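The values are calculated or read from the model by the stated rules, or taken from the named source; none is laboratory data. Being a predicted model, the structure only gives us computed values, none of them experimental. Note that each Cβ is placed from the backbone with ideal geometry, even for glycine, and that neighbours are counted across all protein chains shown.
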Amino acid sequence: MRITGRGQDIVRWPMKVAEQLMYLAGSAGGSDHAPAAQHREVQQLLRDRVRQIRAQFDQVMSRDLEAYRALLRQRNIQNVIIS
């Protein structure tokens, strides 16, 4: 997320999934009424997108990172440490 607090952040950088979820939560939570059908549709779209992003992240962490570490070992470069 890129939030500067100086205004027009949405104009400078397109909204990503996190910002879209925050906007949806604010929109749905700022009312005394139940979420509209459109809110539920957007929620489902964002939920699907989060699942896709999570799958990509898991792939990077399980497969790509290990391949990168192997390359570093081949070149005698200190390993990447993730805490």
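Some notes on this structure:
- Every condition in (1) exposed (fewer than 12 other Cβ atoms within 10 Å of the Cβ); (2) at pLDDT below 80 holds for Leu71 except the one numbered (2).
- Options Gln78, Gln59: the member that is at pLDDT 80 or above, of a type in the set (S, T, N, Q) and surrounded by 11 or more Cβ atoms within 10 Å (Cβ to Cβ): Gln59
- Being at pLDDT 90 or above, surrounded by 10 or more Cβ atoms within 10 Å (Cβ to Cβ) and in a helix (DSSP H, G or I) holds for only one residue in Gln38, Gln52, and it is Gln52.
- Taking the range 55-83 as the range and being among the β-branched types (Val, Ile, Thr) and assigned to a loop (DSSP other than H, G, I, E, B) as the test, the residues that pass are Ile77, Val80, Ile81, Ile82.
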